[in-house]
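Everything on this sheet refers to the single structure shown next.
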Amino acid sequence: MYTLRRWWDRHGLQVALVGLTICAALVVRYTQGSAVIELYQWATRPFAASPTQQEQLTNARTLELQNKVQELESQNEKLKELLNYVGPTKKEGILAPIVGRSADHWWQQVTLGRGREDGITENYIVMGPGGLVGRVISVTAHTSRVLLISDPSSRVGVTISRSRQMGVMRGQSASRAVMEFFEKVPDVNKGDVVSTSSYSKLFPPGLPIGRVESVNLNKSPAPEAVIELTAPMSLLEWVVVDPYEKVGSSEDSDELQN
């Protein structure tokens with residue numbers, strides 16, 4: 001016992017140091033050094049210099065520029081879609097941004113950043129990705145007001161492309177509208193394509209509008225169909241304005257009357 005104590009007094013410190021070294025090595029191995037890094041960061045944090053005001057402003061400016069680049073790329077893609085839509089047969093179309101929209105009338109009217117000075121007049125038709133958007137109802141030198149087809153006061157003469165069944169469509173202040181048929185028993189199915197009618201007074205025929213979502217043949221006084229509009233009214237930022245001379249007298253308030 002006395003011999004063991006003498007040995008420990010002589011070599012104990014060395015054994016303890018070797019043990020601590022082995023334990024530290026095992027910790028580094030199994031934590032991949034993260035514990036040591038965290039300990040170092042904690043120890044040196046009070047001495048680290050905080051970002052200067054200029055550096056903070058520079059970082060904020062960099063983030064702002066990055067956000068602007070992303071927004072410009074997004075707008076560029078949308079403009080490409082519209083330009084592809086205009087195509088070679090739409091040379092007279094005027095590309096116009098939407099610059100005004102009331103939160104209380106989101107689905108009813110929009111204001112365009114193009115007007116009389118750009119060649120736009122009343123009753124010009126407005127198209128967007130997906131199809132018909134509406135028509136110009138008033139114009140200033142640099143702006144135009146558009147009545148959307150989703151407005152409840154809007155009436156559009158439409159037809160079922162497959163069966164040529166006709167009727168009048170009215171907006172519902174949403175991405176859907178209601179088509180009222182002239183025929184008592186119309187030939188219409190869910191998924192049928194809906195476009196402007198050849199008897200339309202306010203729009204040229206054949207403009208895409210949407211698809212039939214549901215049908216109610218028992219609706220009185222006439223059968224009805226719910227139409228899902230293909231132009232994303234709530235997301236529009238740019239549109240194409242096309243010249244169109246209204247057919248009939250200026251007193252015509254709508255398309256076709258039943």
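Take the alpha carbon gyration tensor of region 189-234, find the square roots of its eigenvalues, order them as a ≥ b ≥ c, and report rounded if a/c is under 1.5; if not, report prolate when a/b exceeds b/c, else oblate.
Values: a/c = 2.12, a/b = 1.33, b/c = 1.60.
Oblate, because a/c is 1.5 or more while a/b does not exceed b/c.
Relative contact order, whole percent, for region 161-243 stands at 28, derived from Cα pairs under 8 Å and 6 or more residues apart. Residues whose amide H comes within less than 5 Å of that of Val99, counting only those at least five positions distant or on another chain, are Thr111, Leu112, Gly113 (H built at 1.01 Å from N in the peptide plane).
Net charge in the neighbourhood of His142 (other residues with Cβ under 14 Å of its Cβ; Lys, Arg +1, Asp, Glu -1) is +1.
What does the charge add up to near Lys184, with Lys and Arg as +1, Asp and Glu as -1, over the other residues with Cβ less than 15 Å from its Cβ? Combined, the nearby Lys, Arg, Asp and Glu give -3. For region 159-212, run through the trypsin sites (Lys or Arg not before Pro) and keep only the ones in DSSP coil with at most 12 other Cβ atoms within 10 Å of their Cβ. Answer in residue order: Arg164, Lys184, Lys190.
Quick one: net charge of Lys219's neighbours, Cβ under 14 Å, K/R +1, D/E -1? Before the final figure, lay out each step's value.
On the way: positive: Arg170, Lys184; negative: Glu180, Glu183, Glu224.
Residues close to Lys219 contribute a combined charge of -1.
In this structure the amide hydrogen of Ser138, modeled in the peptide plane, comes within under 5 Å of the amide hydrogens of Arg145, none closer than 5 places in sequence on its chain.
Placing +1 on each Lys and Arg Cβ and -1 on each Asp and Glu Cβ, with no other charges, gives region 153-206 a dipole about its Cα centre of roughly 100 debye. The length gained on full extension between Glu122 and Ile137, counted as 0.36 nm times the residue separation minus their Cα-Cα distance, comes to 4.9 nm. Put a dot 7 Å past the Cα of Asp187, heading toward its Cβ, do the same for Leu79, and the two dots end up 4.6 nm apart.
None of the figures in this text is laboratory data; all of them are computed from the coordinates on show. Predicted model, so just to flag it, every value in this text is computed and none were measured. Because the Cβ atoms are built from the backbone with ideal geometry, glycine has one as well, and the counts that use them run over all protein chains shown.
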